[in-house]
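Heads up: the structure comes next, in structure tokens.
Only the coordinates and a few stated rules stand behind these numbers; no lab work does. None of these values were measured; they are calculated from a predicted model. Note that each Cβ is placed from the backbone with ideal geometry, even for glycine, and that neighbours are counted across all protein chains shown.
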Amino acid sequence: MNFSAVDSTLVIRCLTAAALGGLLLTVGLRLTLGEVTRALHRCRLVWVLVVNFVCVPLLTVSLASVFQLGRELTIGMLLLAAAPFAPVVPVFTRMARADLALAAGLTGVFPFLSALLTPLVCVLSLKAVPGADGVTFNFFSVLVVLVATITLPMALGVAVNHWRPAVARLVLRPVEVVSEAVGALSLAFVTAVEFQTVLATGWKALLVMMLISELALLAGYWVGGPEKAARRVVALGTSNRNIALAVLVAISSFAGTPVVGAVVANGLLLILLGLLHVAWWRFRGAEGAPQ
């Protein structure tokens, strides 16, 4: 790897970590322990966890194998499959007129779980990827990075909101604006750096990712509980994977490979699909299960 590649990797790592940490800090600044507790009691959390951390990764491995997507594309898709509930889910929930309190609670719970479960799911899933026997996944280094960029910022935000709510309200909007700006810059930068790899992803991989997203949406809706507003929250969280988290894991273990480009290409597709789902619920007023 030449100097420019190393430099680009460092920039992507720093921007992504800063964006992810800032976004999770803003989620924490909005949360109270009571909201998190109520969220845990109001949904079928065990089933939601099984769908997100077991079913979606298994579905991804299976479809990637059926369509013979190759090692790098499959790994990139797996990293997304192992990173559920993007920080943007509360925004999508508000736009879709779903249960915002539940979305905030679950978006607060999942990052804590993802710090441990995402690396674990990646390690186990890679064993099922053909040709990935020699692939090295840095479990402990990724775990440390995720704790530093997810768990600690979220915990700090919740603590500030609990002990100093006035301070939380004061800093929330500035931190949110800066984090979103850094997140947009990070996504734009990694897209530019990996542009050729993104273009090489191909329509077949994107088609498979679209199928995975739609099936994940339906699975999330099915396990979301009896209330339609809650079902929409779980459906949006299950189908919208955490792109920043997946990019960070990809850079930590697969820098300089097509895996990063695969994460970006499929992640951009998931953003588009998420917006389409939101538009369907908001403007068409669908009353049944998502289509």
In terms of the Cα gyration tensor, with a ≥ b ≥ c the square roots of its eigenvalues, is segment 1-101 rounded because a/c is under 1.5, prolate because a/b exceeds b/c, or oblate? oblate
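Using helices alone, what [θ] at 222 nm do you get for the chain, with -39,500 (n - 2.57) per DSSP H run of 4 or more residues, divided over all residues and rounded to the nearest 500? All intermediate terms of the calculation are to be shown ahead of the outcome.
Working: 15 runs with 225 residues, N = 291.
Here the helix-only value at 222 nm equals -25500 deg cm²/dmol.
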Can you give the FRET efficiency for residue 123 and residue 101, using 1/(1 + (r/R0)^6), R0 = 25 Å, r = Cβ-Cβ distance, to the nearest 0.05? 0.15
Suppose the chain between residue 203 and residue 112 were pulled fully straight at 0.36 nm per residue; how much longer would it get relative to their current alpha carbon spacing? 29.4 nm
What nm distance separates the two modelled labels at residue 173 and residue 271, each placed 7 Å from Cα along Cα→Cβ? 2.4
The ³J(HN,Hα) series, computed from each phi in segment 61-69 with the Karplus coefficients 6.51, -1.76 and 1.60 at θ = phi - 60°, rounded to the nearest Hz and given as x for glycine or proline, is 4, 5, 5, 5, 5, 4, 8, 6, 7
Under unit Cβ charges (Lys, Arg +1; Asp, Glu -1), what dipole magnitude, rounded to 20 debye, does the chain have relative to its Cα centre? 740
For a quick check, take a GNM of the chain with Cα springs below 10 Å and name the residue from 271, 75, 150 with the largest mean-square fluctuation. 271
So if the hydrodynamic radius of segment 3-283 is defined as the Kirkwood radius over C-alpha pairs, what does Stokes-Einstein give as its diffusion coefficient at 4 °C and 1.567 mPa s, in µm² per second? 70
Which residues in segment 85-112 have a backbone N closer than 17 Å to a point placed 7 Å from the Cα of residue 37 along the Cα-to-Cβ line? 102, 105-106, 108-109
Step through the residues of segment 206-220 one at a time and calculate ³J(HN,Hα) from phi using the Karplus curve (6.51 cos²θ - 1.76 cosθ + 1.60, θ = phi - 60°), rounding each to whole Hz and writing x for Gly and Pro. 5, 5, 5, 5, 5, 5, 4, 4, 5, 5, 5, 4, 5, 5, x
In nanometres, what is the gap between the two model label sites at residue 147 and residue 163, each 7 Å from Cα along Cα-to-Cβ? 2.0
